[in-house]
Amino acid sequence: MALKNLLSIVLIITLFSCKQDHSKKPEINNIDSNEITRLNQWFDTVFERNLMDSPQMLSRLGRKDRQSELNDISEAFRLKNIETAKSDLADLLKFDTTKLDQSTHLSYRLFKQNLERQIAYAKYNHYTYPVNQMRGLQSSIPAFMINMHKVENKEDALAYVNRLRAVKPLFKELIINLKIRADKGIIAPKFVFAHVFNDCQNVIGDSNISNSLFVKDLTSKLENIDLREDEKAQIIADAELAVKDNVVVAYKNLISYLKELEQKATTDAGVWKFKDGANFYKYRLEEITTTKLTSDEIFNLGITEVARIHDEMKSIMKTVNFKGSLQDFFKFMKNDKQFYYEDGQEGKNKMLEGYQTIVDSMESRLDEVFFTKPKARMQVKAVEEWREQSAGKAFYQRGTPDGKRKGTFYANLYKMADMPIYEMEALAYHEGIPGHHMQGSISQELTDLPKFRKYSHYTAYSEGWGLYCELLPKEMGFYADPYSDFGRLAMEVWRACRLVVDTGIHEKKWTREQAIQYLMDNTPSSKNGCTKAIERYIVMPGQATAYKVGMLHILKMREKARKALKEQFDIREFHDIFLRSGAVPLNIFEENINNWILSKTEIRK
């Protein structure tokens, strides 16, 4: 079985994990409820202050404070945030940790670590690409307006128009940010520019402003509110003017500057090209994996995992009586039409319906493996046409805490040849249920944690969980079709390859083409899919390493608990330990499991 083979690799992670910081917390001598209350109130005060500094995050959480504004991305605001973090750290250190209970002490440690890393990371704040094909402002602003800005009354609609007017000054600051980075030699690789120009043109649209995606979106939202027709017409007219005089001008200014910047861009892919790039990448790996794994260790782990998963794939080849090499099987899976829906709306609808069926089927059996389940509902949607060419294969977007906006599993249906049917189960489990939708929704529904922990994000925690949730249904009897089980392995080997190509690109100086070829040789994915993936890893250094590292750590701790607790082990309790802590670094998750094991063994004694 897959799990048995995985556990041999878990031993490698076990050796690596001893490098993590397991510094002991101070002895708790006299718990003081007043100190606990005071600290938790301070956490929530700081969280609320930081939240009020982010108009867009407020909207993401379903709140309407500052809904006429967009975020401040200025250099002055960045510097102010660093000084605020230093001040917060000084205030935090004044609390007496010996008077805190276990949960509050953990909150203290997490908040302190976040502040320390924010301050330490300040020297690398410019080591990013604010304009890229994955998370660039040129596409994130329209995505935010369409998906996050709700219009329930006239005030909301007027705020929408004001946000359109705010795009021009926002992009002015964006260009300043790009110039600061260019002066430091931090310029996106050449391939990025064509994607960004395409995104910009899709947003600008044709000369008919009434066809603007913003105007269409606002018009659609206005249909659902009670307003006189003349009032709606005036708001739409104002929106069209805002798009013409602000949005279109902003995008054209951005395009103009990017054309200048493109002339300075190179084909060098990795962050090794930056000044102090090696240390930046080391920091990124620590931040993303929440471990002390080196780039060489991650690279070698990837090589080992790819070989192991290939062996499992060969077993499936025997099951389906395929004659030929693994590469031959990859070609068969890439090219045989039985594994793909047809291009066109009918094929896209079939895929969306199929995803919903998979999620519904899994949801009906959650009680077998979970005590805690989310209250929030989930929907499946296609990635919008205007950004589907550059967006990733699939992703999840949290709903609002009040449930008014559902959690959304987005599937990119731009090219059906990149979305094989045999990967649908694994993808739905990862992005939807029991993956990101459960983890993210449960976290923000928790009532016994300070707010900052409900909305914290650690990539190895969340993406490790997503990948673990591709395997869990296998253990429950899903993936009845061997081709679907191959799809699970295809997605797992994809994540194993990420360990190789991410470190290859950013530390070993692999070229974009070399990394694409590695994916082509070791996965059944199309060339287009491999190309888009490598381009993602180039602009998001380190992020792709989180999935495998996180999953293997979860499996390691699950096996440790199973062996220690024997008949007392209940997988539903194990999952509760993971989900009910909010997002935490992997070493904290390990501590939580160790404490659980200890408490259960002491009861047994």
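Summary table
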| read-out | value |
| --- | --- |
| Helices (runs of 4 or more DSSP H) fully within the stretch 31-125 counting 2 or more residues that are more than 28 Å from residue 406 (Cβ to Cβ) and not hydrophobic (A, V, I, L, M, F, W, C) | 33-52, 75-92, 102-121 |
| Checklist (1) surrounded by 14 or more Cβ atoms within 10 Å (Cβ to Cβ); (2) under 29 Å from residue 104 (Cα atoms); (3) at pLDDT below 95 applied to residue 23, failing item | (1) |
| Near pairs, Cβ below 8 angstrom, 6+ apart or cross-chain, from the stretch 234-257 (without any contact (Cβ under 8 Å) to a residue 60 or more places away in the chain) to any residue that is among the aromatic types (Phe, Trp, Tyr) and surrounded by 15 or more Cβ atoms within 10 Å (Cβ to Cβ) | 255/197 |
| Residue check for residue 412: at pLDDT below 95, among the polar types (S, T, N, Q) and at negative phi | yes |
| Among (1) surrounded by 18 or more Cβ atoms within 10 Å (Cβ to Cβ); (2) over 29 Å from residue 486 (Cα atoms); (3) assigned by TED's automatic domain parsing to the domain that holds residue 483; (4) of a type outside the set (S, T, N, Q), the one test that residue 254 misses | (3) |
| Number of the condition not met by residue 259 [criteria: (1) touching a helix residue (DSSP H, G or I) at 6+ places or on another chain (Cβ under 7 Å); (2) surrounded by fewer than 20 Cβ atoms within 10 Å (Cβ to Cβ)] | (1) |
| Evaluation of residue 28 against (1) surrounded by fewer than 16 Cβ atoms within 10 Å (Cβ to Cβ); (2) of a type in the set (Val, Ile, Thr); (3) in a helix (DSSP H, G or I); (4) modelled with pLDDT under 95 (one fails), failing number | (3) |
| Count of residues meeting criterion [part of a loop (DSSP other than H, G, I, E, B) and not aromatic (Phe, Trp, Tyr)] in the stretch 342-376 | 11 |
| Residue list for the stretch 87-114, filter: under 30 Å from residue 136 (Cα atoms) and exposed (fewer than 15 other Cβ atoms within 10 Å of the Cβ) | 113 |
| Failed item in (1) crowded, with 18+ Cβ neighbours inside 10 Å; (2) of a type outside the set (S, T, N, Q); (3) touching a helix residue (DSSP H, G or I) at 6+ places or on another chain (Cβ under 7 Å); (4) within 30 Å of residue 506 (Cα to Cα), with residue 186 passing the rest | (3) |
| Any pair with Cβ under 6 angstrom, 6 or more apart, that starts in the stretch 431-447 at a residue that is in contact (Cβ under 8 Å) with a residue 12 or more places away in the chain and ends at one that is of a type in the set (D, E, K, R) | 433/363; 440/398; 443/454; 444/454; 445/375; 446/454 |
| Residue among 371, 339, 409, 330 that is aromatic (Phe, Trp, Tyr) and surrounded by fewer than 17 Cβ atoms within 10 Å (Cβ to Cβ) | 371 |
| Residue pairs meeting the criteria (Cβ under 9 Å; at least 6 apart or on separate chains; first touching a residue at least 60 places away in the same chain (Cβ under 8 Å) and farther than 14 Å from residue 71 by Cβ, in the stretch 156-185; second of a type in the set (Phe, Trp, Tyr) and not in a helix (DSSP H, G or I)) | 178/129; 184/127; 184/274; 185/274 |
| Filtered residues of the stretch 332-341 (kept if within 19 Å of residue 530 (Cα to Cα), in a helix (DSSP H, G or I) and free of Cβ contacts under 8 Å to residues at least 24 places away in the same chain) | 332, 335 |
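The values are calculated or read from the model by the stated rules, or taken from the named source; none is laboratory data. All values derive from a computational prediction rather than experimental measurement. All Cβ positions, glycine included, derive from the backbone under ideal geometry; neighbour counts span all protein chains shown.
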